[in-house]
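Report on the structure given below.
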Amino acid sequence: MTSLPSAHPVTARWKAFLAAGVVALAVSWGFAAQGLSAHEHRPALSVLVGGLFWTSALIGMLMLTMITRVFDAGWAPVIRRSWELALPGLPTVLALSVLPLAFIPGFRHLLWDWTDVHHVLPGGHEVGHDPILQSKSWFLNQPFFLARIVLYVAFFGVLVWLLRRGSLAQDTDRTAGHTHRLHAVSAAGIPLSALMLTMLAFDCLMALSYHWFSTMYGVWFFALSIRVALALTVLVTHVLSRGGWLDGILNQAHRHVLGCLCLAFTVFWAYISFSQYFLIYTANIPEETFWYNIREFDPVTNAKNQWWGVSMYLIFGFFVLPFLSLLFYRTKIVAGRLATVAAVILVGGLVDLWFNAVPRQITDKSAPEGFTVTPFFSSGLALDVLAVLGFGAIVAGLFLRGASRHETIPVHDPRILESINYHE
């Protein structure tokens, strides 16, 4: 048996992680409640950002789990179990973040202002009389919006349960039929998950500025999710190979595959992000360009604002630096170097989420343009980090709880020996 006893010095801490996560989230929700009473959206947005960061990472792990199942990847089984141990965090994080924010009317109106028909837009008219919203009302209406939020939690919860049930059952009954059934589940789950993650990105991020739209947004969210998932996988497996349950199992070839995937999706993310910007810039339609304008220029002085610096970081820190580093073979096989690049990608993923979620037009009649833009540097950054750490502690607690109760590698997977002995 390779499952760890509950008294193991690592897995014994799962309760402590869960407790720390509950405390951090209680503080985050406390600030969000204060913001609600003051009609300030930023604290509630911190809960959303923290939840969506881990949602994206776990969706990425879910997609990687299914993709490696469908392609029957021989290198994957020893790493895939770590994804499976973390996946229960996906419906949990959604249920603790997006679900209450959407169903509590005060938070819903603060974050998704199109749900409040009396909200005054920068132009001076109310949301209820906005022709743009009226043209999108077939999709952006409260009953359908709330139904979709419930659907996301239920869909990902059921899919995670199906994938974990078959994989964990194979540890005890040693039946190869589970592998065939998991192939079928994954084959159906990939396109359905692609649809769900696209709609999730539309509802939870793009709808924060409902006037704006991009047909490439779901693909961007997919690329971000895979990048964050791969970076987190590199860091987790690096830790577990240094005295954990992957010690002596994770080898150079596994790191090389993960490094190659990190490089591939770094290029893919850059391609999607640039294409979205280029198409909107070329079309020059006001309903699209304003989204980038408020992330580059101060509406009053027309000078570069704080978000312009963030966009430069995304170009050079989130793309150029990892891209150039991962071009080198030794970066992909040397554990410390690959872990360093993964940490850079992980931080960049959070910054990219900030860039997409935080800036918004705040109605201000005293401002010449009728609105101000949410700044990057504010007290909200600390609340964002607190929420990220809180949800992260919950995910870590669930991960370690699973490790204390189940096999930490799929010992009876048909390709387990191939995975253990994998080489370039």
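The values are calculated or read from the model by the stated rules, or taken from the named source; none is laboratory data. Since this is a predicted model, take the numbers as computed values, not measurements. Using ideal geometry, Cβ is built from the backbone for each residue, glycine included, and neighbour counts are taken over all protein chains shown.
Residue-wise test of (1) modelled with pLDDT of 95 or more; (2) under 30 Å from LEU230 (Cβ atoms).
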| position | (1), (2) |
| --- | --- |
| VAL320 | yes, yes |
| ARG337 | yes, yes |
| LEU346 | yes, yes |
| ASP352 | yes, yes |
| PRO359 | no, yes |
| ILE362 | no, no |
| LYS365 | no, no |
| PHE377 | no, yes |
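Kindly indicate which of VAL153, VAL158 is among the β-branched types (Val, Ile, Thr), within 30 Å of HIS412 (Cβ to Cβ) and either modelled with pLDDT of 95 or more or not in a helix (DSSP H, G or I) (or both).
Checking each option against the conditions leaves just VAL158.
Select from the range 322-335 the residues that are surrounded by fewer than 16 Cβ atoms within 10 Å (Cβ to Cβ) and either in contact with a strand residue (DSSP E or B) (Cβ under 6 Å, 6 or more places away or on another chain) or of a type outside the set (Phe, Trp, Tyr) (or both) and list them in ascending order.
LEU324, LEU327, ARG330, VAL334, ALA335
For the structure I just gave you, tell me whether PHE155 is under 22 Å from the mean Cα position of the chain (by Cα) and closer than 26 Å to ASP364 by Cβ.
When the stated conditions are applied, PHE155 does not pass them.
I need a count of the residues in the range 161-178 that are in contact with a Pro (Cβ under 8 Å, 6 or more places away or on another chain) and in a helix (DSSP H, G or I).
Total satisfying the criteria: 4.
What helices (runs of 4 or more DSSP H), lying completely within the range 334-424, carry at least 1 residues that are within 21 Å of the chain's Cα centre (by Cα)? Walk me through it before giving the result.
Numbers: elements: 335-357, 380-405, 416-420.
The qualifying helices (runs of 4 or more DSSP H) are 335-357, 380-405.
Report whether or not LEU224 is over 30 Å from MET66 (Cβ atoms) and aliphatic (A, V, I, L, M).
No: the conditions fail for LEU224.
Looking at the range 186-214, which of the residues that are within 17 Å of LEU151 (Cβ to Cβ) and over 17 Å from the mean Cα position of the chain (by Cα) is surrounded by the most Cβ atoms within 10 Å (Cβ to Cβ)?
Out of the qualifying residues, it is GLY189.
Could you tell me whether any residue of the range 100-113 is in a loop (DSSP other than H, G, I, E, B), charged (D, E, K, R) and surrounded by fewer than 23 Cβ atoms within 10 Å (Cβ to Cβ)?
No, because not a single residue in the range 100-113 is in a loop (DSSP other than H, G, I, E, B), charged (D, E, K, R) and surrounded by fewer than 23 Cβ atoms within 10 Å (Cβ to Cβ).
Out of all the residues in the range 305-321, is one or more aromatic (Phe, Trp, Tyr), crowded, with 18+ Cβ neighbours inside 10 Å, touching a Lys or Arg at 6+ places or on another chain (Cβ under 8 Å) and not in a loop (DSSP other than H, G, I, E, B)?
yes
Mind counting the residues in the range 336-385 that are surrounded by fewer than 22 Cβ atoms within 10 Å (Cβ to Cβ), among the small types (Gly, Ala, Ser) and within 15 Å of THR266 (Cβ to Cβ)?
Here the count works out to 1.
Only one of LEU36, LEU45, LEU85 is within 30 Å of GLU424 (Cβ to Cβ), part of a helix (DSSP H, G or I) and either in contact with a Gly (Cβ under 9 Å, 6 or more places away or on another chain) or at pLDDT 95 or above (or both); which?
The conditions single out LEU85.
Quick check: is even one residue across the range 5-15 at pLDDT 90 or above, surrounded by fewer than 18 Cβ atoms within 10 Å (Cβ to Cβ) and either aliphatic (A, V, I, L, M) or assigned to a loop (DSSP other than H, G, I, E, B) (or both)?
Looking through the range 5-15, none of the residues is at pLDDT 90 or above, surrounded by fewer than 18 Cβ atoms within 10 Å (Cβ to Cβ) and either aliphatic (A, V, I, L, M) or assigned to a loop (DSSP other than H, G, I, E, B) (or both).
Look at HIS183 and say whether it is part of a helix (DSSP H, G or I) and in contact with a Ser or Thr (Cβ under 8 Å, 6 or more places away or on another chain).
no
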